[in-house]
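The values are calculated or read from the model by the stated rules, or taken from the named source; none is laboratory data. Note that the structure is a prediction, hence the values are computed from the model and not measured. Cβ placement follows ideal geometry from the backbone for every residue including glycine, while neighbour counts extend to all protein chains displayed.
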Amino acid sequence: MSLALYLIGAPGAGKTSVFDALTLTPAGPNFAVRGGNRIGAVKVPDARIEALRTLYHPKKFTPAEVAFTDVAPPGGEAIRFGAMTPLLHNADAFVLVIQAFGDTTRDGKPLDSAAQMESILLELVVSDLEKIENRFERAEKDRNRGQKMSDNENAILLRCRERLEAGSPLLGLDLREDEDKLLRTYQFLSLKPILVVANVSEDRLSGEGLEGLRALAERKGIELLPFCAPLEAEIAQLDVPAQESFLKDYGLSEPARVRALQAAYRTLRLISFFTVGEDEVRAWPIRENTRAQAAAGKIHSDLERGFIRAETVASDALLATGSLSKCRENATLRLEGKEYIVRDGDVLNIRFSA
């Protein structure tokens, strides 16, 4: 399953242009339309899986994917997140597109990129606050019928309400594992990770003039990525040799799309492990600090239920020796139990009972 990143932003910020730049290919646009929303899957570049592909020559090759969604507000009206919750709750994270080009917004007001970011974050906060108030209203009616909200749920919702009423998103709230699990059922929008994309003009590729926006992002603990949508769209449609020449002319080492995918991994605190063989070489994105048994469940639920051991070797060690059998001989291939914390770049082979 692809990771789902939903693009959100103020009208005129260039959300659709950023989506085009992220999903365009030399062969043309690469997206599907579902329910009025455009969805484009983008392969995550990773030199390790490319090397494993060369080593195994598999019948099937499956890199990790990120699915970007350009959300269409109902009826085409300006974005209001409370009304759009059903559209947004499936997002793994948001890409918040902020206008950082020109001097005025679409409605002719002086551009203040930091204020635009604050406004969107406040929309997320208000949406979540409304959801909590609605839950307490239902709880009051339930209490009149003899049903009571659990003390744990009541306590964590009160903490959330206090934070939201202070104007702060829920992202970054210190939560126990059981509290985090409970809040996930609410699909709070401000609890989802956020990557800010500053849609800049060509003369701001290195982030010039973004001091206020950058300072705000740092205070919020959110990564900021300068991104020139028209330029990146042009780069995305070139073949690799032409891309390299084009990037060199602009003093860039790689397309911003690659940096966006890398930033998305950091924002979601993701790593990749691999499964290898002649049938398939595949990358599996998982959260940092995921245990081996849970990682096995990403491959198939049967592997998680019947988990016995994980044969584990670092992809670099496998590539250096050229085979798993040689890794066994030199003891770089290990047997790990269900509590083993999977590391970025691990190659796993799961032993399980049916």
For Glu254, which of the numbered conditions (1) closer than 21 Å to Val42 by Cα; (2) of a type outside the set (Phe, Trp, Tyr); (3) not assigned by TED's automatic domain parsing to the domain that holds Ile194 fails to hold?
-> (3)
Examine region 285-301 for a residue that is in a loop (DSSP other than H, G, I, E, B) and in contact with a Lys or Arg (Cβ under 7 Å, 6 or more places away or on another chain), and state whether such a residue exists.
-> yes
Please enumerate the residues belonging to region 47-61 that are surrounded by 14 or more Cβ atoms within 10 Å (Cβ to Cβ), among the charged types (D, E, K, R) and either out of contact with any strand residue (DSSP E or B) (no Cβ under 6 Å at 6 or more places or on another chain) or assigned by TED's automatic domain parsing to the domain that holds Phe227 (or both).
-> Arg48
Any hit, region 183-199, residues being of a type in the set (A, V, I, L, M, F, W, C), more than 30 Å from Ala260 (Cβ to Cβ) and in the same structural domain as Tyr265 (by TED's automatic domain parsing) = no
Among the residues of region 136-183 satisfying the criterion of being small (Gly, Ala, Ser) and more than 24 Å from Ile120 (Cβ to Cβ), which is modelled with the highest pLDDT?
-> Ala155
Quickly run through region 196-221 and pick out the residues that are more than 20 Å from the chain's Cα centre (by Cα), of a type in the set (A, V, I, L, M, F, W, C), within 21 Å of Gly12 (Cβ to Cβ) and assigned to a helix (DSSP H, G or I).
-> Leu213, Leu216
In region 140-150, is there at least one residue being in the same structural domain as Arg214 (by TED's automatic domain parsing) and under 30 Å from Tyr6 (Cα atoms)?
-> no
Which residue out of Ala229, Ala242 is out of contact with any Phe, Trp or Tyr (no Cβ under 8 Å at 6 or more places or on another chain), among the small types (Gly, Ala, Ser), farther than 30 Å from Asp174 by Cα and modelled with pLDDT of 90 or more?
-> Ala229
Output the qualifying pairs, or none if there are none: Cβ atoms under 6 angstrom, residues six or more apart or on different chains, first residue in region 297-314 and closer than 11 Å to Ala354 by Cα, second residue basic (Lys, Arg) and outside any loop (DSSP other than H, G, I, E, B).
-> Ile308/Arg351
Restricting region 141-161 to residues that are among the charged types (D, E, K, R) and within 27 Å of the chain's Cα centre (by Cα), the residue that is nearest to Leu189 (Cα to Cα) | Arg161
Is it the case that some residue within region 235-250 is assigned to a strand (DSSP E or B), in contact (Cβ under 8 Å) with a residue 24 or more places away in the chain, farther than 21 Å from Arg266 by Cα and in the same structural domain as Val97 (by TED's automatic domain parsing)?
-> no
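Would you confirm whether any residue within region 296-314 is closer than 30 Å to Pro26 by Cβ and of a type outside the set (Lys, Arg)?
Looking for residues that are closer than 30 Å to Pro26 by Cβ and of a type outside the set (Lys, Arg), one finds none in region 296-314, hence no.
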Among the residues of region 4-31, write down those that are assigned to a strand (DSSP E or B) and surrounded by fewer than 21 Cβ atoms within 10 Å (Cβ to Cβ).
-> Ala4, Thr25, Gly28
